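The structure appears below as structure tokens.
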Amino acid sequence: MAEVIIQDGETLENALRRFKRKVQQSDIIKEIKKHSYYMKPGEKKRAKKALAEVTTGQVLKILSTDPGSVKDFAAFAKQTGNELLSTAEAGGEFTFFMKKK
């Protein structure tokens, strides 16, 4: 947990800068991202673009090498209303089949 005590005469901006530095040094953001849904902006953009090109009812095959993508695509499907049909892992590669709503 990052904690900053504001010193006498210190501006709020300086205290916030110190707090931000402590948060970055303690890897708090990294831990939060590791334990919660976080899809990289590039992945999210590519998935949305691919789904936009697919017609309703069609199935999209998605390949990934990121172990975190299992949680990411499950949350993405729930968030977008599409159906995640299956998830498989073989040799460090993850395969997802998503049906467009």
Return the long-range amide H neighbours of residue 60 (sequence gap of 5 or more, or a different chain), with a cut-off of under 5 Å between placed amide H atoms.
-> 98, 99, 100
What is the distance in Å between the Cα centres of segment 48-101 and segment 4-18?
-> 45 Å
Cα-Cα longer than 22 Å, checked against 30/101; 49/78; 20/45; 20/71; 20/48; 49/101, kept in input order, equals 30/101; 20/45; 20/71; 20/48
Quick one: grab Rg to one decimal and Dmax as a whole number for segment 41-99, Cα atoms only, in Å.
-> 10.7, 31
Relative contact order for the chain using alpha-carbon pairs under 8 Å, separation at least 6, rounded to a whole percent?
-> 24 percent
Can you give the calculated 222 nm mean residue ellipticity of the chain, where each DSSP H run of n ≥ 4 adds -39,500 (n - 2.57) and the sum is split over every residue, rounded to the nearest 500 deg cm²/dmol?
-> -14500 deg cm²/dmol
Summed residue charge, Cβ within 10 Å of residue 100's Cβ, Lys/Arg positive, Asp/Glu negative | 0
In degrees rounded to 10, the 0-90 angle between helix 69-80 Cα long axis and the longest Cα principal axis of the chain is 80 degrees
Set of aspartates and glutamates with alpha-carbon distance to residue 40 below 14 Å, sequence-local pairs under 8 removed | 66, 72
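Using alpha-carbon pairs under 8 Å, 6+ residues apart, how would you state the relative contact order of segment 41-99 in percent?
38 percent
Since every read-out is calculated from the coordinates, none of them should be taken as a lab result. The shown structure was predicted, so the numbers you read here are calculated from the model rather than taken from an experiment. Note that each Cβ is placed from the backbone with ideal geometry, even for glycine, and that neighbours are counted across all protein chains shown.
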